[in-house]
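For reference, the structure discussed in these notes is given below.
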Amino acid sequence: MFEWWEGLSNVLRVLYCIAFPASLLLLLQIILSLFGLGHGDGDFNVSDTSGLDADAGTPNLGDLDVPDGSAGADSVGDLGGDPSLRLFTFQGIVAFFTLFSWTSIVCIQSQVPAALALVIGFAVGTAALLGVAKVFQLATRLQSNGTISLRNALGKTGVVYIRIPRQGEGQGKITMTIQERFSELDAITYGDEDLKPSTVVRVVDLVNGLLVVEKET
């Protein structure tokens, strides 16, 4: 083993130092995926507002479809169906280095000049990076097909979860079952009295992505 390592060029040594760890990480990802533990995309979600004040008055972005189980600021900021192509996920980077290193090694051992081998390896690695990003993009689009449409809340009843100020002076939250999913949603009222928690309300309109509710009589 030592003699084999000593017989390698500096370029091959660097490539092997990249190839072995990257291959182990890729193998670990595959194993985790087989057990249903490797579905995270590994990038940072700046829209995650967990731990923040749920009544912080986050602006709404119009009549949006919100994902199952999310609500208010979370549902607007993180739609769960963002179709954008995210290149630099953990899985994509691992795939890049794995394919880049092994392709370059094979080319060099096939007597391809080192510079050209690295270019070929980089091209193959980039293709792998793009391929992984595309897979995540398609998976995200499929996931977004299961989102909740706020229009389906019209005419239905819910229960006030966070106080809703009167005459549209601010927004609160209600909980309700919509599309067979229990959801927490932003709401306002144009009535003459505040709607306190546990008040049963009916959705009568949809304005700028907010449910307009009235006290159920």
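Key figures for this structure:
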{"read-out": "Cβ-derived FRET efficiency at R0 35 Å, LEU130 paired with THR175, nearest 0.05", "value": "0.25"}
{"read-out": "Within straight-line cross-link reach of LYS156, lysines at Cα separation under 23 Å, skipping those fewer than 8 residues along the same chain", "value": "LYS173, LYS196, LYS215"}
{"read-out": "Computed lengthening from VAL119 to GLU216, 0.36 nm per intervening residue step minus Cα-Cα distance", "value": "28.1 nm"}
{"read-out": "Residues in region 195-211 reached by a label modelled at PHE182 [backbone nitrogen below 20 Å; 7 Å Cα→Cβ]", "value": "197-203"}
{"read-out": "Net charge of Cβ neighbours under 12 Å - reference THR175; Lys, Arg +1; Asp, Glu -1", "value": "+1"}
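Every read-out reported here was derived from the displayed coordinates using simple, explicitly stated rules and does not represent laboratory data. Remember, predicted model here, so these are calculated numbers, not experimental data. Cβ sites come from the backbone with ideal geometry, for glycine too, and all protein chains shown count toward neighbours.
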